[in-house]
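Visitor: I'd like to ask some things about the structure below.
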Amino acid sequence: MPKKHGARGDASRKDAAEATKLRGSFAHDSHPPAYAAWAGAAEWIEQRRGPDVAMPTIRAAAGVVTVEPGSPFNLAAVDPDLDGGLDKQDAKAMLAAERARIQALQERLYAERRRSLLIVLQAIDTGGKDGTIRAVLEGVNPQGCAVASFKVPSAEELDHDFLWRYHARTPGRGMIGVFNRSHYEDVLVVRVKGLVPEPVWRMRYDLINDFEHLLTASGTTILKFFLHISKDEQRERLEARIADPQKHWKFDPADLVERKSWDAYQAAFNDALTQCSTPHAPWHVVPANRKWFRNLVIARTVADTLEAMDPQFPEAAKGIADLKIPE
């Protein structure tokens, strides 16, 4: 027993000595390696962008309407039937090319492991969030991509501030994160349904802007897409779910109740788009009646944004090119 105890003691002393040696290599900041790695990425981000400069400049694909920061916006000014004059079959071929770009750039982003991309999708019921995710991110390595879908908050989530559950799901360095619904639910659903008093949800616009500024300043590029469909299109999509037995699982009778609040939701969307389109995280309104057009322009915007981020593979370890694999 004493011998075994002594062996463990020797091992512990050895581990402690190694830990001390390792800490010594970071003596300049007195922080463990994990913190030093984060600090290194933060310093690199600062050098690339500066503390208050949005990078990269996000330019949406043709056909997408970017909400001008500081200007009032009205969804009624955007025709949800727009298709950019494109042919459906040609658009599908172009979508395949954009997917290939996203796949290649996502690999570089994951390997670089210094920045991240957050894609936010908002829409009214049947707007096409799930379909967009499937179509745009098809073939992307799931190791470097995570989708968060936000439903009715749990009891634990309600015990925290309204942004707590969203912040916990933001993408880490090297990752593409997708919010299927998002923190904007707390100025949309809660407003239309009267779940909190008006003074509470009104102050959330500024809090959301601060939250997104924090993310962008920390190296997360944010792409926010509002999928804009017409009321007639929503009716057709709901009817299709009722008519097809294989789509019955997607139909929720509550959607019919929500449809009665169409005008209230449009007003809430307009305010959110107006109040929260900022230089560091602008809103993009996508005409979404035609699913194939929606998928193409979102994929192209994602690919163009990743290209503007210009992620790079890290430098290989010295001598790796000269290594020989034994027989």
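Visitor: Which of the peptides 80-90, 172-182 is most tightly packed, and how do the rest follow, judged by the mean count of other Cβ atoms within 10 Å per residue?
Guide: Ranked from most to least packed, the peptides come out as 172-182, 80-90.
Visitor: Long-range amide H contacts for R113: which residues qualify at under 5 Å (H placed 1.01 Å from N, peptide plane, sequence gap of 5 or more or a different chain)?
Guide: For R113, the qualifying residues are G174.
Visitor: Also, I was wondering about something else. For L223, what residues show an amide H to amide H distance below 5 Å, using hydrogens built from the backbone and excluding near sequence neighbours?
Guide: The list, which skips near neighbours in sequence, is L118, I119, V120.
Visitor: Now for a different question. At a 10 Å Cβ-Cβ cut-off, how would you order W249, W283, fewest neighbours first?
Guide: Details: W249 8, W283 26.
So the residues, fewest neighbours to most, are W249, W283.
Visitor: Give me C145, C276 sorted ascending by neighbouring Cβ count inside 10 Å, so fewest comes first. Spell out each step's value before the answer.
Guide: Working: C145 20, C276 23.
Fewest to most other Cβ atoms nearby, the residues stand as C145, C276.
Visitor: I would also like to ask the following. What is the stretch 192-277's relative contact order, in percent, from Cα pairs under 8 angstrom and six or more apart in sequence? Please list the in-between numbers first.
Guide: Numbers: 22 pairs, mean separation 37.4, N = 86.
Relative contact order, the stretch 192-277: 43 percent.
Visitor: Would you pull out the residues with amide H under 5 Å of L163's amide H, same chain only if 5 or more places away, H placed 1.01 Å from N?
Guide: The answer is none.
Visitor: Can I ask one more? Hey, what do the phi angles of the stretch 231-239 turn into as Karplus ³J(HN,Hα) couplings, whole Hz, using 6.51/-1.76/1.60 and θ = phi - 60°, x for Gly and Pro?
Guide: Whole-Hz 3J(HN,Hα) from phi for the stretch 231-239: 5, 5, 5, 4, 4, 5, 6, 5, 5.
Visitor: Moving on to the next point. Give the order of I320, I229, I58 when sorted by the count of other beta carbons within 10 angstrom, beginning with the fewest. Let's see the in-between values first.
Guide: Details: I320 8, I229 24, I58 21.
Sorted ascending by nearby Cβ count, the order is I320, I58, I229.
Visitor: Cα gyration tensor of the stretch 178-327, axes a ≥ b ≥ c as square roots of the eigenvalues: rounded (a/c below 1.5), prolate (a/b > b/c) or oblate?
Guide: Values: a/c = 2.64, a/b = 1.57, b/c = 1.68.
The shape class here is oblate.
Visitor: For D130 and L207, what does the FRET efficiency come to when R0 = 25 Å and r is the distance between their Cβ atoms, rounded to the nearest 0.05?
Guide: Numbers: r = 28 Å, r/R0 = 1.11.
After rounding, the FRET efficiency stands at 0.35.
Visitor: Could you derive backbone 3J(HN,Hα) for the stretch 310-317 from the dihedral phi with the Karplus parameters 6.51, -1.76 and 1.60 (θ = phi - 60°), listing whole Hz in sequence and x where the residue is Gly or Pro?
Guide: 6, x, 10, 5, x, 5, 6, 4
Throughout, read-outs are computed from the coordinates displayed, never taken from laboratory work. The model shown is predicted, which means the values in this text are computed figures rather than measured ones. All Cβ positions, glycine included, derive from the backbone under ideal geometry; neighbour counts span all protein chains shown.
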